[in-house]
1. Only one of (1) part of a loop (DSSP other than H, G, I, E, B); (2) of a type outside the set (A, V, I, L, M); (3) farther than 24 Å from residue 72 by Cα; (4) in contact with a Lys or Arg (Cβ under 8 Å, 6 or more places away or on another chain) fails for residue 118. Which number is that?
2. Looking at residue 88, is it touching a helix residue (DSSP H, G or I) at 6+ places or on another chain (Cβ under 6 Å), within 20 Å of residue 29 (Cβ to Cβ) and among the aromatic types (Phe, Trp, Tyr)?
3. Select, from 76, 64, 101, 47, the only residue that is of a type in the set (A, V, I, L, M) and touching a Lys or Arg at 6+ places or on another chain (Cβ under 9 Å).
4. What tally of residues in the range 121-138 results from selecting those that are of a type in the set (S, T, N, Q) and assigned to a helix (DSSP H, G or I)?
5. Which members of the range 164-179 meet the condition of being touching a Gly at 6+ places or on another chain (Cβ under 7 Å) and either aliphatic (A, V, I, L, M) or in a helix (DSSP H, G or I) (or both)?
6. Any idea how many residues of the range 143-153 are touching a residue at least 60 places away in the same chain (Cβ under 8 Å) and under 19 Å from residue 74 (Cα atoms)?
7. Scan the range 95-118 and report the pairs whose first residue is within 14 Å of residue 34 (Cα to Cα) and whose second residue is surrounded by fewer than 21 Cβ atoms within 10 Å (Cβ to Cβ) and hydroxyl-bearing (Ser, Thr, Tyr), with Cβ atoms within less than 6 Å and a gap of 6+ or a chain change.
8. Can you tell me which residue is surrounded by the fewest Cβ atoms within 10 Å (Cβ to Cβ) among those in the range 155-178 that are closer than 18 Å to residue 89 by Cβ and touching a residue at least 24 places away in the same chain (Cβ under 8 Å)?
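Read-outs: derived from the displayed coordinates by stated rules, not from any lab. All values reported here derive from a predicted model rather than from experimental measurement. Because the Cβ atoms are built from the backbone with ideal geometry, glycine has one as well, and the counts that use them run over all protein chains shown.
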Amino acid sequence: MGDEDRGTRWVVVPDTDGELTGTLATLEEVLLLLQPVDESEEALPNAGPEELHALQHVCMRLFAAEQSGTAQLYGADGSFELVPLHFFQLLEEDLAAVGRAVAQLGTALLPGGDIEVREALRRFARHGQSREDLVASFAQAHGVLDLAPDDDSVLLLETLAPERGRVVLSQAQDEAYHHLTERFLALHPADTLQRFLFRGR
């Protein structure tokens, strides 16, 4: 069965200079650590082989999109270079499975949560990063990938996906880019650097 028969969605994501890929790679490491050692063990609900394989599919498609290149975008006045965008397809079922896994990790942080999951999160949290911060980064990454399509993302997809090289956005494209990136920024409300990169101010 081809992907077109399994429910795919075009997604638009900003070029994060490897941050998004790195976050998903850490999520993969956490899920790998939680997999059963042999058939005598049961997989953790919502964080087992199905969710791991879904995440690996997502990672492969994201990596392929990042490696394929993208247009160098400039605002409508042509004076400010914008964060590039990547366009690629993901299976709806893969997005849903990754969402389940992230939710499961978050549930483990509640009182009485799974000790094995909490330990796995502690192991992969960076210096100065709490387990809660780590799960929040996973949720943000999934949110970027799972951002619901709208008129703005469709316009950018249809007009920019085939482009390469320097592209000065039309007024309509510039407005759509502004609206779309506001949705990305809403997922990182405290990150002033991200706002500067998208807006130049």
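1. Here residue 118 meets the rest and fails (1).
2. For residue 88, the condition - touching a helix residue (DSSP H, G or I) at 6+ places or on another chain (Cβ under 6 Å), within 20 Å of residue 29 (Cβ to Cβ) and among the aromatic types (Phe, Trp, Tyr) - is not met.
3. Answer to the selection: 47.
4. The total comes to 1.
5. If the condition is that a residue be touching a Gly at 6+ places or on another chain (Cβ under 7 Å) and either aliphatic (A, V, I, L, M) or in a helix (DSSP H, G or I) (or both), then 168, 169, 174 are the ones that fit.
6. So the count comes out to 1.
7. From the range 95-118, no pairs qualify.
8. So, considering only residues that are closer than 18 Å to residue 89 by Cβ and touching a residue at least 24 places away in the same chain (Cβ under 8 Å), the one surrounded by the fewest Cβ atoms within 10 Å (Cβ to Cβ) is 163.
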